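The values are calculated or read from the model by the stated rules, or taken from the named source; none is laboratory data. Model, not experiment: these values are computed from the prediction. Glycine gets a Cβ as well: all are built from the backbone with ideal geometry, and neighbour counts include every protein chain shown.
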Protein chains: 2
Amino acid sequence: MRFDVTILGSSSATPIFNRYPSAQLLNINERYFLIDCGEGTQLQLLRNGFKAQRIEHIFISHLHGDHYLGLVGLLSSMHLNGRKKPVFIYGPPELKEILEIQFKYSQTDIRYPIEYYFTNSDKPEVIFENQDIVVETIILEHRIPTTGFKFTQKRRLRKLMKEKVEEFGLPLPAIHLFKRGFDFTGMDGKVYHYQDFTTDADEPRAYAYCSDTICNWKYMDSIEGVNTLYHESTFMNDMLDRALETYHTTSLQAAEIAVKAKVGQLLLGHFSARYRELEPLLLEAQTLFPNSKLATEGTTFDL
Amino acid sequence: MRFDVTILGSSSATPIFNRYPSAQLLNINERYFLIDCGEGTQLQLLRNGFKAQRIEHIFISHLHGDHYLGLVGLLSSMHLNGRKKPVFIYGPPELKEILEIQFKYSQTDIRYPIEYYFTNSDKPEVIFENQDIVVETIILEHRIPTTGFKFTQKRRLRKLMKEKVEEFGLPLPAIHLFKRGFDFTGMDGKVYHYQDFTTDADEPRAYAYCSDTICNWKYMDSIEGVNTLYHESTFMNDMLDRALETYHTTSLQAAEIAVKAKVGQLLLGHFSARYRELEPLLLEAQTLFPNSKLATEGTTFDL
């Protein structure tokens, strides 16, 4: 099952050096999930060869412009390009008001349904679930209400060894049992053990998206043990005071979180406009957590 | 005196083929005037080497997203980059509400003054004036209230022939008189004619910006005789029905307007996403009005 993320924007606050504000496109089993939607996201989708119409679910972490200003443009373009199928939007309640006032004054009567799910920033909640994935909020601490999002794969059925089943000529119900970890007893009373006909399913994987937040340990439970953690890393650690003051995280702190939460890999993003070169932020994180990477525009990471 | 325009966006509705939504930067005597501000305008300013902080006046023609969605991002970046001097915004009254609700929910307390001047779409009005220029609205006809903008240079003083004045050793008051077209009579009663000491000032030039609109003759008075007319040209004439239905203009109609209004040059823009190549739109306009040009991203036109 595909489970990867493509970075569409890595910049904080103001876009610069060809870095765009926050946006990431998740491909989960060939379904598109957009996380945040900074100004220019629809252009970044085009540039990276993604069809915006394939996006079904949009998750907005908070209402700072660099995380949602591309949304009206994206939704309007979907409308102009003839979309009929719904879009599901997960974000703070005020987002609906912001979108609707703009549709009203532009007299845009969006022809497809927009379904809102309002996040709250008090406690983590499951906000979406399908056969492949569960999405939960992560409670972050920023200057305004902000949530991250955790995407956790569901445990899949055991993997069938097809040739083995064929060899014994077992019926369909046996397969259903084996895949779910049950043995099968034939008409003759012979017991077939599921371990002989299946191998373990892949371990479910998880991706946590944390932007923007001051470094704290309150959301540690939410991100513990995820395979991939995206964490904002607005500043280097010599700007720690500025990070604290603006409720942001340094690259060293992001690495510290990755270590404590025992994650598999760390993706760094949301870089301040003061850094033309990003290598120093990466090196700083790698001193504590070697499997750190720069989540820059156009890069796709297997999760 | 500098009087030129740089095109930052030439696309209609949805951005595509590396074309951006509407935005143009006027340089009038080294002061920056922004006309429309589609999504991505702040990035286009950066890319074309313009400092956003130098923009003083912003003119928004109407509240379709492709003409204003870049404004919150631009104003926020100005704020984050420490701007103190005011920004003057000219546009429909509802624009203020759209901006303020977004500043409210993002808890952005813009630290520089924003002064609004509300346009109305009933009759042309002078909305700005300084020593160099007068700006008037142009009443367009689109699906929602829309105005264009006409920038007309003020007539400057006559040009002094400095060496001539020095040759005769005339005093300062004589120069003031000559520049304004008056003769000077010396203490000895001798009359010095202004034509002998000055040449004619350059003819004031005018630029009219018309986007978006159905082709009609009601705004002909406003644009008559301008040196440069920017006119939307969303479709080619084989799409005339679609143009009428959506209140847009074809390139042939734009050329017809240029002919009737006796303008100097015609800039075509606001191209539909259906056209990958723009040459056919240009050729269509040039069949009627040879001095037509494509107003594409990054091009600067002397006005």
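Odds and ends about this structure:
- When each of A:71, A:140 is tested for being touching a residue at least 60 places away in the same chain (Cβ under 8 Å), under 25 Å from residue A:10 (Cα atoms) and surrounded by 22 or more Cβ atoms within 10 Å (Cβ to Cβ), the lone residue that passes is A:140.
- Helices (runs of 4 or more DSSP H) wholly inside the range B:144-260 that include at least 2 residues being touching a strand residue (DSSP E or B) at 6+ places or on another chain (Cβ under 7 Å) and either exposed (fewer than 12 other Cβ atoms within 10 Å of the Cβ) or not assigned by TED's automatic domain parsing to the domain that holds residue B:91 (or both): B:172-179
- Filtering the range A:1-13 to residues that are within 14 Å of chain B (Cβ to nearest Cβ) and assigned to a strand (DSSP E or B) leaves A:8, A:9, A:11.
- The range B:83-102 - residue that is out of contact with any Lys or Arg (no Cβ under 8 Å at 6 or more places or on another chain), within 14 Å of another protein chain (Cβ to nearest Cβ) and in contact (Cβ under 8 Å) with a residue 24 or more places away in the chain and, of those, farthest from residue A:105 (Cα to Cα): B:102
- Qualifying residues in the range A:53-66 (those that are more than 9 Å from every other protein chain (Cβ to nearest Cβ), in contact (Cβ under 8 Å) with a residue 60 or more places away in the chain and in contact with an Asp or Glu (Cβ under 9 Å, 6 or more places away or on another chain)) - the one surrounded by the most Cβ atoms within 10 Å (Cβ to Cβ): A:61
- Filter result for residue B:188 (within 20 Å of the chain's Cα centre (by Cα) and farther than 20 Å from residue B:230 by Cα): no
- Within the range B:271-289, residues that are within 13 Å of residue B:10 (Cα to Cα) reach partners that are β-branched (Val, Ile, Thr) and not in a helix (DSSP H, G or I) with beta carbons closer than 8 Å, at six or more positions or on different chains, in the pairs B:271/B:234; B:272/B:234; B:273/B:14; B:273/B:16; B:278/B:296.
- Filtering A:213, A:198 for residues that are of a type in the set (S, T, N, Q) and closer than 30 Å to residue A:63 by Cβ leaves a single hit, A:213.
- Among (1) touching a Phe, Trp or Tyr at 6+ places or on another chain (Cβ under 8 Å); (2) assigned to a loop (DSSP other than H, G, I, E, B); (3) within 9 Å of chain A (Cβ to nearest Cβ) - the single one residue B:107 does not satisfy: (1)
- Among the residues of the range A:117-137, those identified as of a type in the set (Val, Ile, Thr) and touching a residue at least 12 places away in the same chain (Cβ under 8 Å) are A:119, A:127, A:133, A:134, A:135, A:137.
- Scanning the range B:23-40 for residues that are under 18 Å from residue B:4 (Cβ atoms) and buried (at least 24 other Cβ atoms within 10 Å of the Cβ) yields B:23, B:24, B:26, B:34, B:35, B:36.
- In the range A:82-104, the residues that are aliphatic (A, V, I, L, M) and in contact with a Phe, Trp or Tyr (Cβ under 6 Å, 6 or more places away or on another chain): A:89
- Set B:159, B:190: member being at pLDDT below 95, over 26 Å from residue B:62 (Cβ atoms) and in contact with a helix residue (DSSP H, G or I) (Cβ under 9 Å, 6 or more places away or on another chain): B:159
- Residue A:273 among the aliphatic types (A, V, I, L, M) and surrounded by 22 or more Cβ atoms within 10 Å (Cβ to Cβ): no
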